[in-house]
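The values are calculated or read from the model by the stated rules, or taken from the named source; none is laboratory data. Just so it is clear, the structure is predicted and the values come from calculations on it, not from any experiment. Positions of Cβ are backbone-derived with ideal geometry, glycine not excepted, and every protein chain shown enters the neighbour counts. Surface accessibility is based on the protein's heavy atoms, side chains included, excluding ligands, DNA and RNA. Shrake-Rupley method; radii C 1.70, N 1.55, O 1.52, S 1.80 Å.
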Amino acid sequence: MHLHILGICGTFMGSLAVLAKQLGHRVTGSDANVYPPMSTQLEQQGIELIEGYDPAQLEPQPDLIVVGNAMSRGNPCVEYMLAHNLRYTSGPQWLHDHLLADRWVLAVAGTHGKTTTATMLAWILEQAGMSPGFLIGGIPKGFDCSARIGETPFFVIEADEYDTAFFDKRSKFVHYNPRTLILNNLEFDHADIFTDLAAIQRQFHHLVRLVPDNGLIIRSADEPALDEVIEQGCWSEQVLTGFERRANWSAQLLSEDGSHFAVQHDGESLGEVCWGLTGLHNVSNAINALVAARHVGVKPEHAIEALSAFGGVKRRMELLGEVAGISVYDDFAHHPTAIQTTLEGIKARAAGHRPVVAVIEPRSNTMRLGAHKAELAQSTESADQVYWFQPDDMDWSLSEVVEQSPVPARLETCINALVARLVGELPANAEVVIMSNGGFGGIHQKLLKALEQREAIHVL
């Protein structure tokens, strides 16, 4: 078939395009902005990309149009598609119909940690020789792409609660029919499509209803919002994970920053993970991934060995460079809880020997709407200094967050001015964590380049 994908450069739709190509289809696609790294990955797969939404791209007519959830009424291609009665579907529905129907699906859902946990799980299965398929909304280290069909029935997927398409407002994950389901956590997010937490819980309940009675639900024991989801009905075996006593699987921290911990099952230690990641959130992610892998036959000791060699995920506390003792990290955190747990992890690792500096762009739709502004200031209490960046399209000012900050904080509205201030004010040996779910105006490389220039001047 000839598939044409509208909105192809998003992480989900781009990964879907790779899978469709691997299945033997001819794949083309378009997006408002065609840019790396997704455009590079797609071009390497031989997928033709078109910039913009001129309806001429739909002639001759493709066999099927796959519509991304960023597409809406008024889009020229969408209007042409509807007016000419062309065949179309959503990305999640296409996955269900053409790839997942005959697979053992291991889905990872939750407000935080989906990409990291799904990558951990795929990595464990890969190291166990199970060659799983996967679709991950990020660039996993240790693999050469964000999606593949795999060579066995097992398929790992990041199960997003965002809506499916303009014509299907259910969450994406209700199309995946998982046999193994991880529920990491649950908080209010996506304020642009959900009115409150209860609306999200309803979608999670719909997901729980799809797990068969011989399937497994793995969920964190210290998440009251997930308890309320399960109370609406559950027909599958459950395993509780985390740090609470009622957890079946838990971790004993052997290092405060989470870089070394023992895996415990019903109080019995099964082995120790020593890795390069930090933060209690990553410890929880690891336990969930280990239990999910066990459900498909991976022994815990093999999973522990695999986790100890896990390299992480791009844009999740990814070290981009070091200049004159200053380390610069890129992190995807865009929710107060994610900001807090990430900073707690690096602060514990620094152990007071290195100052932690947070540089934050509140860019997500939920942030721009101000849904979490009351929690933002306190989320940075583990940092020694915070620099907030005010995006142009935000409906409210970050000045109130700066005023309420429990640590020294500054506000900037210009990327270049922010870089200049950082270069002038960063303390020696600082750990700089740049947080955004977007490109942040290329600040990462701009900062590293400016630091290198400053150091070159010092050397001269």
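Rolling a 1.4 angstrom probe over the protein chains, ignoring ligands and nucleic acids, what is the accessible area of Asp393 in square angstrom, nearest 10?
Number for this one is 90 Å².
Which Cα, out of Ile136, Val208, Trp388, lies furthest along the positive dipole direction of the chain (beta carbon charges, K/R +1, D/E -1)?
Farthest along the dipole direction, towards plus: Ile136.
When the Kirkwood hydrodynamic radius is evaluated over all pairs of different C-alpha atoms of the range 124-212, what value in angstrom, to one decimal, is obtained?
The Cα-based Kirkwood calculation yields 14.6 Å.
Just to verify a number: FRET efficiency for Tyr35 and Val407, C-beta to C-beta distance, R0 = 30 Å, to 0.05?
So, using R0 = 30 Å, E works out to roughly 0.30.
Hey, rough spin-label estimate for Asp222 and Leu320, points 7 angstrom out along Cα→Cβ, what's it come to in nanometres?
3.1 nm
Once the piece of chain linking Asp192 and Arg26 is laid out straight, how much longer is it, given 0.36 nm per residue of separation minus the C-alpha distance between them?
Extending this stretch completely gives an extra 56.3 nm.
Taking the Cα centre of the range 205-360 as the origin, how large is its charge dipole in debye, to the nearest 20, when only Lys and Arg (+1) and Asp and Glu (-1) carry charge on their Cβ atoms?
With only Lys, Arg, Asp and Glu charged at Cβ, the dipole is about 340 debye.
Within the range 199-264, report the trypsin sites (Lys or Arg not before Pro) that DSSP leaves as loop and that have at most 10 other Cβ atoms within 10 Å.
Passing sites in the range 199-264 are Arg245, Arg246.
List the trypsin sites (Lys or Arg not before Pro) within the range 35-120 that DSSP assigns to loop and that have no more than 15 neighbouring Cβ atoms inside 10 Å.
Arg73, Arg87
Taking the Cα centre of the chain as origin, sum charge times position over the Cβ atoms of Lys and Arg (+1) and Asp and Glu (-1), and report the length of that vector in debye to the nearest 20.
560 debye
From the alpha carbon gyration tensor of the range 52-166, can you work out the equivalent ellipsoid semi-axes (sqrt of 5 times each eigenvalue) and give them in Å, largest to smallest?
32, 15, 12
Between Asn416 and Gln45, take the C-beta separation as r, use R0 = 41 Å, and let me know the FRET efficiency to the nearest 0.05.
After rounding to 0.05, the efficiency reads 0.70.
Only helical DSSP H runs with n ≥ 4 go in: add -39500 (n - 2.57) per run for the chain, normalise by residue count and round the 222 nm mean residue ellipticity to 500 deg cm²/dmol.
Result for the chain, helices only: -9500 deg cm²/dmol.
At what distance in nm do the modelled label points of Trp235 and Glu268 sit from each other, each positioned 7 Å from its Cα along Cα→Cβ?
The answer from the label model is 3.3 nm.
If I compute semi-axes √(5λ) of the Cα gyration tensor in Å from the structure I just sent, which labelled value in (1) 31, 28, 25; (2) 36, 25, 21; (3) 34, 30, 21 lines up?
Correct label is (3).
Contour minus end-to-end for Gln453 and Tyr162, with contour as 0.36 nm per residue of separation and end-to-end as the Cα-Cα distance?
100.5 nm
How much length would be gained if the chain were fully extended between His84 and Glu375, taking 0.36 nm per residue of separation minus their Cα-Cα distance, in nm to one decimal?
Residue separation times 0.36 nm, minus the Cα-Cα distance, leaves 100.0 nm.
What's the FRET efficiency of Ser308 with Asp392 using the Cβ-Cβ distance as r and R₀ = 60 Å, to the nearest 0.05?
Rounded to the nearest 0.05, the efficiency is 0.85.
Calculate the spin-label point distance for Asn365 paired with Ser399, positioning each point 7 Å from the Cα along the beta-carbon direction, and give it in nanometres.
It works out to 2.9 nm between the two label points.
Have a look at Ala159, Ala191, Ser259 and report the one farthest towards the positive end of the charge dipole of the range 124-265, computed about the Cα centre with Cβ charges (Lys/Arg +1, Asp/Glu -1).
The residue sitting most towards the positive pole is Ala159.
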